[in-house]
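Structure first, then comments.
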Amino acid sequence: MENPLARITLNPEVNHGKPGVRNTRYMVEAILEYLAAGDTIDDVLGEFPDLQREDILACIAYATASMKFKDIEVPAA
């Protein structure tokens with residue numbers, strides 16, 4: 001099974017270096033905001049069809065990891 005955090009990228013030229021999904025302009029923060037507002041994973045996928053279920057789960061995994069550790073290592077793209 002793939003490490004879900006491998007889908008999360010940090011690139012200073014995309015999203016001002018904030019965590020994003022697969023080096024796209026989809027920020028982890030924005031995806032989490034949709035979920036926190038009550039949207040389901042299927043709602044988010046319907047709104048952004050180029051995302052995959054694994055991308056949404058990776059955002060949740062990133063948020064979970066960030067609560068456990070002071071520093072999270074994410075390779076730069």
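The values are calculated or read from the model by the stated rules, or taken from the named source; none is laboratory data. Remember, predicted model here, so these are calculated numbers, not experimental data. No Cβ is skipped: glycine too gets one built from the backbone with ideal geometry, and neighbour counts run over all protein chains shown. Quick note on the areas: whole protein, heavy atoms, side chains included, nothing else; ligands and nucleic acids left out. Shrake-Rupley method; radii C 1.70, N 1.55, O 1.52, S 1.80 Å.
List, please: which pairs have Cβ atoms under 7 Å, are six or more places apart or on different chains, and start with a residue in the stretch 1-17 that is in contact (Cβ under 8 Å) with a residue 40 or more places away in the chain and outside any strand (DSSP E or B) and end with one that is among the hydrophobic types (A, V, I, L, M, F, W, C) and open to solvent by 50 Å² or more (accessible area, probe 1.4 Å)?
These pairs meet every condition: P4/L57.
Would you please list the contacts, defined by Cβ atoms under 7 Å and residues six or more apart or on different chains, that run from a residue in the stretch 36-65 that is within 14 Å of R7 (Cβ to Cβ) to a residue that is among the basic types (K, R) and outside any helix (DSSP H, G or I)?
Filtered contacts from the stretch 36-65: D55/R22.
What are the residues in the stretch 20-60 that are open to solvent by less than 30 Å² (accessible area, probe 1.4 Å) and under 8 Å from the mean Cα position of the chain (by Cα), if any?
If the condition is that a residue be open to solvent by less than 30 Å² (accessible area, probe 1.4 Å) and under 8 Å from the mean Cα position of the chain (by Cα), then G20, V21, V28, I31, D55, I56, A58, C59 are the ones that fit.
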